[in-house]
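Bear in mind that the values in this text are calculations on the coordinates, not laboratory data. Since we're looking at a predicted model, the values are computed, not measured. Cβ: placed from backbone, ideal geometry, glycine included. Neighbour counts: every protein chain shown.
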Amino acid sequence: MKEKSYVMVKPQFANSKMVIEEVTKRLQNAGLKITQADFVRYDAKHAQQHYHEHVGKDFYPNLEAYITSDKAYGMIVEGENAIATIRTLVGSTKNSAPGTIRHDIPVKLGIAPRVTENVVHASDCVEAAEKESAIFNDLVTEKQKWSAEELADLEKY
Ligand code: UDP
Ligand code: MG
């Protein structure tokens, strides 16, 4: 079944051209197509919408602090079974295995894989993909109102 998913290279990692290229390459090599991609900056409101099911959990304050700490790189990704395919490429939330994005990229950067400060987000179901893509598009629209200076800061690696 052809599906759409939302993938986000999280802050800090989105500052690295190598990371964005590596994530892009892994998605494309799996036969998936990136139909939209942009740098966005999550604020607390959009972070709470995106991570709605986690608001109130013990780790949420750290998660929100991380996700709002710098720019992120959002992507709409399409293809056969895109959601499950991408979740496999991404790896598990804890103890991600070698061969997955969440394991391999920190290792390549010389850092240990971490649970909260992981490399990417990927939608876990069709409804989440739709919701998360709408939040991303809201941020893209807000960005269009930014000054040239703010935009230059967001785009630079
Ligand atoms: N997270 C965390 N501690 C946990 C579980 C999750 O900090 O015990 C963070 C982590 O960044 C994760 C995000 O919260 O990617 C969302 O959690 P979820 O369980 O939905 O994991 P995911 O779907 O991203 O694998
Ligand atoms: Mg999740």
Practice problem: Show that you can apply the helix-only estimate: for the chain, add -39,500 (n - 2.57) for every DSSP H stretch of four or more residues, divide by all residues, and state [θ] at 222 nm to the nearest 500. | Solution: -13500 deg cm²/dmol
Exercise. Taking H placed 1.01 Å from N in the peptide plane, check which residues at least 5 places from TYR42 or on another chain put their amide H under 5 Å from its amide H.
Key: ALA72
Quiz item: Among rounded, prolate and oblate, which fits the range 67-157 when a ≥ b ≥ c are the square roots of the eigenvalues of its C-alpha gyration tensor, a/c under 1.5 means rounded, and a/b larger than b/c means prolate?
Solution: oblate
Quiz item: Between the range 20-91 and the range 109-138, what is the C-alpha centre distance in whole Å?
Solution: 2 Å
Quiz item: Between their Cα atoms, which of LYS94/LYS131; LYS71/LYS131; LYS57/LYS94; LYS25/LYS108; LYS17/LYS131 are more than 18 Å away from each other?
Solution: LYS94/LYS131; LYS71/LYS131; LYS17/LYS131
Self-check item: Dipole magnitude of the chain, debye to nearest 20 (Cβ charges: Lys/Arg +1, Asp/Glu -1, about Cα centre)
Solution: 420 debye
Exercise. Label the chain by shape, choosing from rounded, prolate and oblate, from the square roots a ≥ b ≥ c of the eigenvalues of the Cα gyration tensor; if a/c is under 1.5 it is rounded, and otherwise prolate applies when a/b is larger than b/c, oblate when it is not.
Key: rounded
Exercise. Express the relative contact order of the chain as a whole percentage, based on alpha carbon pairs under 8 Å and six or more residues apart in sequence.
Key: 37 percent
